[in-house]
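**Student:** My questions all concern the structure below.
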Amino acid sequence: MKIILATRNNHKTEEIKRILEDSKIEILTLKDFPDIPEIEETGKTLEENAVLKAKQVYTAAGIPALADDSGLEVEVLNGDPGVMSARFAGPGCSYKDNNLKLLGLLKGISREKRGATFRCVVALALNPDDIRVVEGKVKGFVTENEIGENGFGYDPVFFYPELNKTFAQLNSEEKNKVSHRGFAFRKAKELIKKISNIE
Ligand code: IMP
């Protein structure tokens with residue numbers, strides 16, 4: 001079974017391919033379809049964005065499409081940056097800009113109040129009218145400084161207490177075992193296996 005991943009992000013592609021690896025699914029990405037234009041994430045929620053990306057990519061590529069939208073929800077910021085995670089520090093900002101903005105907003109806030117959840121919503125478009133949605137999440141804390149070199153995005157400021165490390169101190173295999181994206185794509189993988197065997 002061929003599935004297209006609705007992303008051009010190399011970090012994400014690598015993480016997702018590793019998660020889906022042992023199944024009989026051939027993974028293509030938007031890099032294999034250079035003519036498909038960039039999809040604007042106009043949804044108000046992670047779910048809306050995942051669904052709109054999966055639908056549009058299915059329509060453009062003509063094969064089942066998997067799309068995810070993820071974000072970091074910080075308790076003391078009432079769930080922000082959430083769906084705005086990529087653009088938190090403004091249009092064209094870097095991961096570093098976002099991390100510095102977040103650390104600045106949380107300056108002086110005690111550890112108990114620095115709780116945050118990474119959430120990932122995955123939409124699988126089997127056709128434009130049959131979209132399945134699954135979700136994964138992981139809880140941790142926002143650190144006071146960036147720690148670690150691996151991963152991307154908010155990984156250096158997301159402390160995962162069970163391993164006593166930030167996500168940026170984990171390699172991609174370790175991160176996949178516990179990450180929001182790992183949980184969500186393992187659910188998606190089960191769904192794909194079930195559908196390709198039964199339906
Ligand atoms: P996306 O929807 O997965 O592209 O995620 C949107 C934004 O959320 C990214 O640009 C990152 O800033 C942040 N993000 C999502 N997943 C992760 C992760 O696994 N680690 C760190 N940041 C993430």
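The values are calculated or read from the model by the stated rules, or taken from the named source; none is laboratory data. Please read these numbers as outputs of a predicted model, since none were measured by experiment. For neighbour counting, all protein chains shown are included, and Cβ atoms are generated from backbone atoms with ideal geometry for every residue, glycine included. The area values use the complete protein model at the heavy-atom level, side chains included, leaving out ligands, DNA and RNA. Shrake-Rupley method; radii C 1.70, N 1.55, O 1.52, S 1.80 Å.
**Student:** Suppose a student asked you for the relative contact order of the chain, using Cα pairs under 8 Å spaced at least 6 residues apart; what percent would you report?
**Tutor:** Across the chain, relative contact order equals 20 percent.
**Student:** Under the classification rounded if a/c is under 1.5, otherwise prolate if a/b is larger than b/c and oblate if not, where does the range 104-182 fall, given a ≥ b ≥ c as square roots of the Cα gyration tensor eigenvalues?
**Tutor:** Since a/c reaches 1.5 and a/b is larger than b/c, the shape of the range 104-182 is classed as prolate.
**Student:** Given axes a ≥ b ≥ c from the Cα gyration tensor, I'd like to know whether the range 64-111 is rounded (a/c under 1.5), prolate (a/b larger than b/c) or oblate. Provide the component values of the computation, followed by the final result.
**Tutor:** Values: a/c = 3.07, a/b = 1.62, b/c = 1.90.
Note, shape of the range 64-111 comes out oblate.
**Student:** On to the next question. How large, in percent, is the carbon and sulfur part of the accessible surface of the range 151-199 at a probe radius of 1.4 Å?
**Tutor:** Heavy-atom surface of the range 151-199 belonging to carbon and sulfur, 1.4 Å probe: 51 percent.
**Student:** Using alpha carbons only, how many degrees (0 to 90, rounded to 10) separate the axis of helix 95-105 from the longest principal axis of the chain?
**Tutor:** Here the helix axis deviates by roughly 40 degrees.
**Student:** So which GluC sites (Glu not before Pro) in the range 97-181 are both in a DSSP loop and have at most 13 other Cβ atoms within 10 Å of their Cβ?
**Tutor:** Qualifying residues, ordered by number: 149.
**Student:** Hey, can you find the accessible area per residue of the range 90-199 for me, probe 1.4 Å, expressed in square angstrom? Before the final figure, lay out the partial values.
**Tutor:** Working: 5690 Å² over 110 residues.
Each residue of the range 90-199 exposes 52 Å² on average to a 1.4 Å probe.
**Student:** Under the rule a/c < 1.5 gives rounded, and otherwise a/b versus b/c splits prolate from oblate, where does the range 1-45 land using the Cα gyration tensor?
**Tutor:** Prolate, because a/c is 1.5 or more and a/b exceeds b/c.
**Student:** Which is the longest part of the chain that has none of the trypsin sites (Lys or Arg not before Pro) sitting in a DSSP loop with at most 11 other Cβ atoms within 10 Å? Mind showing how you got there, number by number?
**Tutor:** Working: sites that count: 24, 44, 107.
Maximal segment without exposed cleavage sites: 108-199.
**Student:** Further question on the same structure: What is the ratio of the Cα radius of gyration of the chain to 2.2 N^0.38 Å, with N the residue count, to two decimals?
**Tutor:** The chain yields a ratio of 1.02.
**Student:** Considering only protein heavy atoms and a probe of 1.4 Å, how much of the accessible area of the range 1-62 is carbon and sulfur, as a whole percent?
**Tutor:** That fraction is 46 percent.
**Student:** Here is a follow-up. Give me the angle, in degrees from 0 to 90, between the Cα long axis of helix 10-20 and the longest principal axis of the Cα atoms of the chain, rounded to the nearest 10.
**Tutor:** Once rounded, the angle reads 60 degrees.
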